[in-house]
1. Running a GNM on the chain with Cα contacts under 10 Å, which residue among Arg129, Arg114, Arg91 ends up with the highest mean-square fluctuation?
2. For the range 19-140, with equal point scatterers placed on the C-alpha atoms only and solvent neglected, what are the log10 I(q)/I(0) values from the Debye formula at q = 0.13, 0.14, 0.19, 0.20 1/Å, to two decimals?
3. Of Ala132, Ala56, Ala65, which has the largest mean-square fluctuation in a 10 Å C-alpha GNM of the chain?
4. Which of Leu109, Leu99, Leu136 moves the most in a Gaussian network model of the chain with Cα springs under 10 Å?
5. To the nearest 20 debye, what is the magnitude of the charge dipole of the chain about its Cα centre, counting +1 on the Cβ of each Lys and Arg and -1 on the Cβ of each Asp and Glu?
6. Cross-link partners among lysines for Lys27, C-alpha distance below 19 Å, same-chain residues fewer than 8 apart left out?
7. Work out from phi, with θ = phi - 60° and the Karplus expression 6.51 cos²θ - 1.76 cosθ + 1.60, the ³J(HN,Hα) of each residue of the range 21-26, listed in order in whole Hz, and give x for Gly and Pro.
8. In which sequence would Leu83, Leu37 go, from the one with the fewest C-beta neighbours within 10 Å to the one with the most?
Amino acid sequence: MCIDVYRHRQRSYAQFVPIIFISADTKEVRESVKAALTIPDCDFIDTQDGYSVMEAVGETVPDLAILDMQAGNMGGMATCLELRLEESAGRLGYIPVLLMVDRRPDVFLARRSRADGWIVKPLNPIKLRKAAQALLNGEEYQDDSYLPSPV
């Protein structure tokens with residue numbers, strides 16, 4: 001298994017292969033995410049911007065979308081908002097979203113976009129794996145590195 005999960009979809013545990021969308025404008029970021037999460041039975045779909053995510057969702061509904069806040073013409077926040085609007089209109093099912101934010105103040109934007117979780121860059125592979133696991137299990141994930149450091 002890519003990540004040890006059992007989702008609410010009607011598939012048996014043995015058949016579950018998570019489909020994860022990764023949207024980032026740089027190949028290095030997409031490859032870093034895949035390296036942190038890859039074990040043989042994961043299906044990844046790479047996109048460079050939110051427009052590509054929205055097109056891909058029309059063909060394949062992912063189990064998780066990992067979006068870079070600063071991806072191309074339609075970044076992670078706009079993509080997350082669009083996914084939530086489509087969901088609220090009944091045109092799309094629920095898709096857990098993990099936003100990769102660049103700095104602490106972006107956490108506010110991640111919350112406003114109704115993301116299920118966020119992780120502050122630079123990416124930490126262990127935190128990224130924990131975040132993906134949490135979201136695939138129907139939980140939320142909040143990277144605590146945005147919190148002020150204790151004095």
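1. Taking springs between Cα atoms under 10 Å, the residue moving most is Arg91.
2. -0.42, -0.50, -0.97, -1.10
3. It is Ala56.
4. Highest fluctuation of the listed residues: Leu109.
5. Details: 17 positive and 22 negative charges, 73 e Å.
So the magnitude is around 340 debye.
6. Lys121
7. Going residue by residue, I get 8, 10, 10, 8, 7, 10 Hz, with x marking Gly and Pro.
8. Numbers: Leu83 25, Leu37 22.
With the fewest neighbours first, Leu83, Leu37 line up as Leu37, Leu83.
A short reminder: the numbers here are calculations on the coordinates, not readings from a lab. From a predicted model like this one, the values you see are computed outputs, not experimental measurements. FYI the Cβ positions are ideal-geometry reconstructions off the backbone, even for glycines, and counts take in every protein chain you see.
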